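The values are calculated or read from the model by the stated rules, or taken from the named source; none is laboratory data. Keep in mind it's a predicted model, so treat the numbers as computed, not measured. For neighbour counting, all protein chains shown are included, and Cβ atoms are generated from backbone atoms with ideal geometry for every residue, glycine included.
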Ligand code: EPS
C-alpha cells in the first residue's frame with residue numbers, strides 16, 4: 001500500500017539507492033499556485049547532511065514537476081514529482097546485505113516478499129519521507145490559502161531532555177526544532193557525546209495545527225484523530241502517537257479533562273481539538289514518539305540469511321537521532337490528513353455552511 005488519502009491521494013515510489021524517488025498526487029484541486037522552488041524550504045528542513053547532527057548523506061533534494069502544473073498553477077490533473085538520488089553509497093551495505101540488521105525492517109521485508117533491496121534500506125528507508133514532505137508543501141499551501149490553517153511542529157523531547165521553556169520563534173533557529181533557545185548549546189553537547197558513543201536516542205515531536213475550522217473528520221471509521229494517528233504511525237521509526245493529552249489522560253479526572261465551554265470560548269484543550277473524531281475549531285495537537293535509530297556501529301548479534309549467528313556492525317551515514325529532522329515529516333502527515341479531510345467535508349457537507357453558535361477556540365495551548 002503506497003497510496004495515502006481518499007480525495008487528496010498521494011502515491012509515493014522509489015528506493016533509497018534507486019535512481020529516483022517520487023510521488024503522484026491525484027485529486028488536487030485546480031488553481032493552487034506552485035513552483036519547483038516552493039519545495040526547497042521544507043525539503044531543506046527535513047534533509048540529511050545540513051548539520052553535523054544528522055546523517056552525512058548529501059542529497060540536493062531538488063524537485064522536478066513532471067505534470068499537473070501549468071503556468072505555475074495546478075490544473076487538477078495528476079501531479080507527478082520526482083527527486084533524483086545523487087549520493088547513495090551502496091558499498092556501505094555490501095557487508096550487511098546477507099544479514100538482518102536488528103531493529104530494521106530487513107527480516108520482515110524478507111519474510112513478506114522473499115526478495116528485497118538491501119541498499120540503504122530500500123523502500124523502508126526514511127528517504128521515502130522526502131516525497132511526503134514534498135506533497136505536503138501543496139497541502140500546506142492550499143490549507144493556508146483557503147482556511148488560514150497553519151501546521152507547525154517542534155521537537156518536544158530528545159532522550160531524557162525536555163524543553164524548559166516554550167517559544168515558537170526559537171524553533172526554526174536551531175538544527176533541532178527546539179522551542180527553548182537557551183538550551184540549544186546543551187543539546188549540541190548532548191548530541192556530540194551521543195554521536196561519539198556510537199549509540200542513538202529516541203525523540204518526541206509535537207505538531208500543532210492552528211485555524212482548523214470545526215467539522216473536519218468523518219465518524220465513525222474516518223475519525224480525524226484516527227487518521228492522524230495512522231498517518232503519524234506510517235512514518236519510519238514512529239512507535240507511539242498521542243492526541244491532545246494522550247496517555248496522560250489515564251491519570252486525569254473527568255472534571256479536569258473535559259474542556260469546559262464559556263462565552264469566551266473553550267477553557268482548555270485536553271482533547272487536542274478533536275471530539276467524536278471531528279475538529280472542534282481549537283488547535284489540533286498531536287505528538288509522535290520516535291524510536292532510537294537502529295543503525296549503530298556498536299556490534300549486535302543477529303542471524304545471516306542461512307540462519308547462522310553473526311555480529312552486525314552498521315557502517316555508513318546514519319542519524320544518531322532520527323527525530324532531529326522528523327519535525328517536517330510529522331507536519332507533512334498532519335497537513336495531508338487535514339487536506340484530505342477538508343475535501344471530504346466539502347464533498348459531503350459543503351452545503352451545510354456555518355452553523356451557530358460558533359464557540360471560540362479559547363487560549364492557544366502552544
Ligand atoms: C536511512 C539511512 C541513511 C540516511 C537515510 C535514511 O541512508 P544512507 O545509508 O544511504 O546514507 O541517510 O536518509 C536519507 C537519505 C534521507 O533523505 O532521509 C535509513 O536507513 O532510513
(message) Among the residues in the range 160-175, are any under 18 Å from the mean Cα position of the chain (by Cα) and under 13 Å from residue 54 (Cα atoms)?
(response) yes
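Report yes if residue 172 is in contact with a helix residue (DSSP H, G or I) (Cβ under 9 Å, 6 or more places away or on another chain) and surrounded by fewer than 19 Cβ atoms within 10 Å (Cβ to Cβ), otherwise no.
On the way: in contact with a helix residue (DSSP H, G or I) (Cβ under 9 Å, 6 or more places away or on another chain): yes; surrounded by fewer than 19 Cβ atoms within 10 Å (Cβ to Cβ): yes.
Answer is yes for this residue.
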(request) Return the residue satisfying two criteria in turn: it lies in the range 8-37 and is out of contact with any strand residue (DSSP E or B) (no Cβ under 9 Å at 6 or more places or on another chain) and farther than 18 Å from residue 235 by Cα, and of such residues it is surrounded by the fewest Cβ atoms within 10 Å (Cβ to Cβ). (result) 37
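Given the criteria at pLDDT 95 or above and over 15 Å from residue 330 (Cα atoms), does residue 288 qualify?
On the way: at pLDDT 95 or above: yes; over 15 Å from residue 330 (Cα atoms): no.
In short, no.
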(request) Hand me the list of strands (runs of 3 or more DSSP E) wholly inside the range 255-349 holding 1 or more residues that are closer than 22 Å to residue 89 by Cβ. (result) 300-303, 309-312
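Quick one: in the range 185-205, which of the residues that are surrounded by fewer than 21 Cβ atoms within 10 Å (Cβ to Cβ) and in contact with a helix residue (DSSP H, G or I) (Cβ under 8 Å, 6 or more places away or on another chain) is farthest from residue 327 (Cα to Cα)? Talk me through it step by step, then tell me what you get.
We begin by selecting, within the range 185-205, every residue surrounded by fewer than 21 Cβ atoms within 10 Å (Cβ to Cβ); these are 185-186, 188-190, 192-199, 202, 204.
So of that shortlist, the ones also in contact with a helix residue (DSSP H, G or I) (Cβ under 8 Å, 6 or more places away or on another chain) come out as 202, 204.
Details: 202: 13, 204: 9 Å.
Per the criteria, the residue is 202.
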(message) Cβ-Cβ under 7 Å, sequence separation 6+ or interchain: first residue in the range 46-67 and on the phi > 0 side of the Ramachandran plot and touching a residue at least 12 places away in the same chain (Cβ under 8 Å), partner away from the ligand (no atom under 11 Å from the Cβ) and assigned to a strand (DSSP E or B). Which pairs?
(response) none
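Examine the range 345-353 for a residue that is modelled with pLDDT under 95 and either touching a strand residue (DSSP E or B) at 6+ places or on another chain (Cβ under 8 Å) or away from the ligand (no atom under 14 Å from the Cβ) (or both), and state whether such a residue exists.
First, pick out the residues of the range 345-353 that are modelled with pLDDT under 95: 353.
If we keep only those that are either touching a strand residue (DSSP E or B) at 6+ places or on another chain (Cβ under 8 Å) or away from the ligand (no atom under 14 Å from the Cβ) (or both) as well, we get 353.
Taking every residue of the range 345-353 in turn, at least one turns out to be modelled with pLDDT under 95 and either touching a strand residue (DSSP E or B) at 6+ places or on another chain (Cβ under 8 Å) or away from the ligand (no atom under 14 Å from the Cβ) (or both).
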(message) So for the range 98-105 (the condition being within 16 Å of the ligand (Cβ to nearest atom), surrounded by 15 or more Cβ atoms within 10 Å (Cβ to Cβ), part of a loop (DSSP other than H, G, I, E, B) and free of Cβ contacts under 8 Å to residues at least 24 places away in the same chain), does at least one residue qualify?
(response) yes
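So, residue 232, is that one buried (at least 16 other Cβ atoms within 10 Å of the Cβ) and either touching a helix residue (DSSP H, G or I) at 6+ places or on another chain (Cβ under 8 Å) or assigned to a loop (DSSP other than H, G, I, E, B) (or both) or not?
The answer is yes for residue 232.
Does residue 239 qualify as being more than 30 Å from residue 32 (Cα to Cα), assigned to a strand (DSSP E or B) and within 16 Å of the ligand (Cβ to nearest atom)? Working first, answer last.
Values: more than 30 Å from residue 32 (Cα to Cα): yes; assigned to a strand (DSSP E or B): yes; within 16 Å of the ligand (Cβ to nearest atom): yes.
Considered against the rule, which asks whether it is more than 30 Å from residue 32 (Cα to Cα), assigned to a strand (DSSP E or B) and within 16 Å of the ligand (Cβ to nearest atom), residue 239 comes out as yes.
Every residue, every condition in (1) more than 16 Å from the ligand (Cβ to nearest atom); (2) within 24 Å of residue 347 (Cα to Cα), yes or no:
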site: 26; (1), (2): yes, yes
site: 29; (1), (2): yes, yes
site: 42; (1), (2): no, no
site: 48; (1), (2): no, no
site: 62; (1), (2): no, no
site: 67; (1), (2): yes, no
site: 85; (1), (2): no, no
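Anything in the range 196-220 that is outside any loop (DSSP other than H, G, I, E, B) and within 23 Å of the chain's Cα centre (by Cα)? List them, or say none. Break it down stepwise before answering.
Initial filter on the range 196-220 (outside any loop (DSSP other than H, G, I, E, B)): 196-197, 203-210, 218.
Matches in the range 196-220: 203, 204, 205, 206, 207, 208, 209, 210, 218.
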(request) Give the number of residues within the range 116-144 that are out of contact with any helix residue (DSSP H, G or I) (no Cβ under 6 Å at 6 or more places or on another chain) and not in a helix (DSSP H, G or I). (result) 2
(request) Considering only the range 242-254, state which residues are in a loop (DSSP other than H, G, I, E, B) and without any contact (Cβ under 8 Å) to a residue 24 or more places away in the chain. (result) 252, 253
(request) Go through (1) within 16 Å of the ligand (Cβ to nearest atom); (2) under 25 Å from residue 134 (Cα atoms); (3) at pLDDT 95 or above one by one and return the number of the condition residue 317 breaks. (result) (3)
